[in-house]
1. Confirm whether Lys387 is farther than 24 Å from Gly172 by Cβ, at pLDDT 90 or above and in the same structural domain as Asn196 (by TED's automatic domain parsing).
2. For a quick check of your reading of the model, give me the residue pairs whose first member lies in the stretch 327-338 and is part of a loop (DSSP other than H, G, I, E, B), whose second is surrounded by fewer than 14 Cβ atoms within 10 Å (Cβ to Cβ), with beta-carbon atoms closer than 8 Å and at least 6 apart or on different chains.
3. Please verify whether the stretch 415-424 includes one or more residues that are over 30 Å from Val323 (Cα atoms) and free of Cβ contacts under 8 Å to residues at least 24 places away in the same chain.
4. Assuming Ser74 fulfils every condition listed in (1) under 22 Å from the mean Cα position of the chain (by Cα); (2) touching a residue at least 12 places away in the same chain (Cβ under 8 Å) apart from one, which condition is it?
5. Run down Lys121, Lys114 and say which single residue is more than 16 Å from Val68 (Cβ to Cβ), among the charged types (D, E, K, R), within 20 Å of the chain's Cα centre (by Cα) and not assigned by TED's automatic domain parsing to the domain that holds Ile55.
6. Just to check your reading of the model, which residue among Leu405, Leu419 is in the same structural domain as Glu170 (by TED's automatic domain parsing), modelled with pLDDT under 90 and surrounded by 15 or more Cβ atoms within 10 Å (Cβ to Cβ)?
7. Please go through (1) over 23 Å from Cys440 (Cα atoms); (2) of a type outside the set (A, V, I, L, M); (3) modelled with pLDDT of 95 or more for Lys41 and return the number of the only condition it doesn't satisfy.
8. Here are some residues: Ser430, Ser392. Which one is without any contact (Cβ under 8 Å) to a residue 60 or more places away in the chain, touching a helix residue (DSSP H, G or I) at 6+ places or on another chain (Cβ under 9 Å), polar (S, T, N, Q) and outside any loop (DSSP other than H, G, I, E, B)?
Amino acid sequence: MMSDIISAVSTANGVGGVAVIRISGAGSLTLAKKMFRPLKKIENYEPNVMYVGEIDGGDFLDYGMMVVFYAPKSFTGEETVEFHCHGGLAITQGILNKTLSLGARMATNGEFTKRAYLNGKLSLSSCEGLIDMINSEYTAQVKAGYNLYRERLFKKISAMQEELTDCLAEMGANIDYPEEGLEQFTTDKLKNTCQNLKIELENLIDSFGSGRKIKNGVKVALVGRPNTGKSSILNSLLNCDKAIVTSVAGTTRDIVEGELDINGVKFVLYDTAGIRDSEDEVEKIGIERSKKAIDDCDLALFVMDGSQNLTREDKEILNAIKVPLIKVCNKSDKQIVLEKSDYDLTFCALNGDNIELKNRMFSLGVGKTEDLSADLIIEQRHYLALKRALESIKKVLNQIDSEPLELIEYDVRDAWSVLGEITGQTASESIIDEIFSKFCVGK
């Protein structure tokens, strides 16, 4: 109900210096005045100005501030009021309850942002960027989310739709007025437009490989036969004793996991059990999990003992790796007997020098782009929509020299409509509800 006044705590739940209670909807200021006592009488509340006074929390008063944002110049596009109070649990809950008792209702997940979308303040893709920023744990995730939030993808998609709209207008005119003899001009323009859009769409689709890893993290499996030093490398990279290290082969029997920040990108490391033929039931389970980790990872660190020649087991493991890999010659403090062609870099967990390995991991793990401020597709939904749009554009190009414009028009409209799912113009209610269900209540 867009006519309702909604209310929620917009800051994180817990004890803090300041908390914010936000209310939005027509009549928010009238409601807020009933529970706010400014230090001096205010005839007209100016927008974007913090007013100091007492906030009524029902059974208590708090000394804080109130600010009003008038429609349409607010986050939601509606009249909005925020109370900035002290950040105690009882204080925030009391003030929230007071707003509810005066006629507001509790906001649902993401309802403030949903109202911003419905009121034309944000595109649907921008809303997705916002929740990505809120959920970010690493700086690369923040940057990617910010680009989406600031409408960079929206502007690109909208420009594509405008080009298709121009083509559809000319196609319609040509179909309605064939005597004008503009069919060849329209066909040439459509072909040129679709060829350019095909390149743009392919570039965006191609960026999803890097974008997905930036959003979800790069999964890295440390693999090799037992006692090559995989756990020592894990501990060195994480700078802590995450995995147990002994001289006994087969010490690691299950996957040990840890997270690492490389240049702002999340890397999830999996120290796997050494792969070998074993009769031990527990170790066999760990080895099977290791093999699965190899299949599921984005990058593999194949660890070899540099003081020993390559074994049959080494070669079998190497042949089983189908993802990008870095061949690590470990234990470089000992005499290396491996051929230089057998490894990409040397490593010694004892000296703690892991910069070269981290650089290699970043370069191979993130993919084709190392520019974290670049426009990358980070949402699976956008990726699938772009692929569908590309298929429609390809159909147009395949048919344009042999089919009448009336038949081709359907695929042009389909491409326009699919692109609109990204911006929100043609997104279904179920898609919209799913996106906003990911938000917290106060956003």
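The values are calculated or read from the model by the stated rules, or taken from the named source; none is laboratory data. The structure presented is a predicted model; accordingly, all values stated were derived computationally and were not measured. No Cβ is skipped: glycine too gets one built from the backbone with ideal geometry, and neighbour counts run over all protein chains shown.
1. Yes; evaluated as a whole, the condition is true for this residue.
2. From the stretch 327-338, the pairs are Asp333/Leu350; Asp333/Asn351; Val337/Asn309; Leu338/Asn309.
3. Scanning the stretch 415-424, I find at least one residue that is over 30 Å from Val323 (Cα atoms) and free of Cβ contacts under 8 Å to residues at least 24 places away in the same chain, so the answer is yes.
4. Unmet for Ser74, out of (1) under 22 Å from the mean Cα position of the chain (by Cα); (2) touching a residue at least 12 places away in the same chain (Cβ under 8 Å): (1).
5. Details: Lys121 fails: within 20 Å of the chain's Cα centre (by Cα).
Within the list Lys121, Lys114, the selection yields Lys114.
6. The match here is Leu405.
7. Status for Lys41: all satisfied but (3).
8. The unique qualifying residue is Ser392.
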